[in-house]
Amino acid sequence: MSPSVDLTPQTFARLQTHAVPLVDNIESVINRMIDSYEATGSPAPNGSSRGSNAGGGHEQARKFAPTTPPDLTHTKIVAVDLCGRRLDHSQTNWFGLLAAAIREAKERTKSAGEFKHLVSVNFVDGKKTDKGYRFVSDIGLSVQQQDANASWRAACHIAQQLRIPLHVTFAWLQNEGAAFPGVVGQISVAAG
């Protein structure tokens, strides 16, 4: 019988940043890391050290300005903290970030006009599932999905206008089209 290991959502998310989608499973990623460590003495598969700090972020992550980040195409979110709360693992993706920011906007605005001014992406009341829309049931809106760059811009705009803290840790996939393949990055909006 194989031993069973429980991972925290944060550790699992970190492990996923080292996986090749549709190729790797947990064991293959761990084996690659062990192989790399045994061969080079470096625990990370690309030869860089990526320890985590007490806040769950990455000590050596590259920090980028919130209004002028590099191209976020081919990135995967590792962790999101919005208003001091860490998003659940199931929401730790670009659409989850966008939906969480829109949820905050809905809770904090006083009028439909103010809300519409804050949300820069297409949305409709009620359930709509065609043309790229996804229903966010707890707020009763359908939001049109965006790529990573547009999702960040929309979430950043909401956080800046509401003056709420937003911190995103992400990693570029090992893809030749990525701006910084294999690099971990962070973008933050400070509370105002």
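At-a-glance table
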{"quantity": "For Gly132: the one exception among (1) under 20 Å from Thr73 (Cα atoms); (2) over 23 Å from the mean Cα position of the chain (by Cα); (3) not hydrophobic (A, V, I, L, M, F, W, C)", "calculated": "(2)"}
{"quantity": "First in region 65-93 and on the phi < 0 side of the Ramachandran plot and touching a residue at least 12 places away in the same chain (Cβ under 8 Å), second anywhere and surrounded by fewer than 17 Cβ atoms within 10 Å (Cβ to Cβ) and basic (Lys, Arg), Cβ under 6 Å, 6 or more apart", "calculated": "none"}
{"quantity": "Residue in region 148-156 that is surrounded by fewer than 16 Cβ atoms within 10 Å (Cβ to Cβ) and closer than 17 Å to Phe64 by Cβ present", "calculated": "yes"}
{"quantity": "Filter result (modelled with pLDDT of 95 or more, surrounded by 22 or more Cβ atoms within 10 Å (Cβ to Cβ) and within 9 Å of the chain's Cα centre (by Cα)) within region 80-101", "calculated": "Val80, Trp94, Leu97"}
{"quantity": "Near pairs, Cβ below 8 angstrom, 6+ apart or cross-chain, from region 123-143 (in contact (Cβ under 8 Å) with a residue 24 or more places away in the chain and charged (D, E, K, R)) to any residue that is surrounded by 12 or more Cβ atoms within 10 Å (Cβ to Cβ) and outside any strand (DSSP E or B)", "calculated": "Arg134/Phe95; Arg134/Ala99; Arg134/Gln145; Asp138/Arg103"}
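The values are calculated or read from the model by the stated rules, or taken from the named source; none is laboratory data. None of the values given here were measured: they were computed from a predicted structure. Cβ: placed from backbone, ideal geometry, glycine included. Neighbour counts: every protein chain shown.
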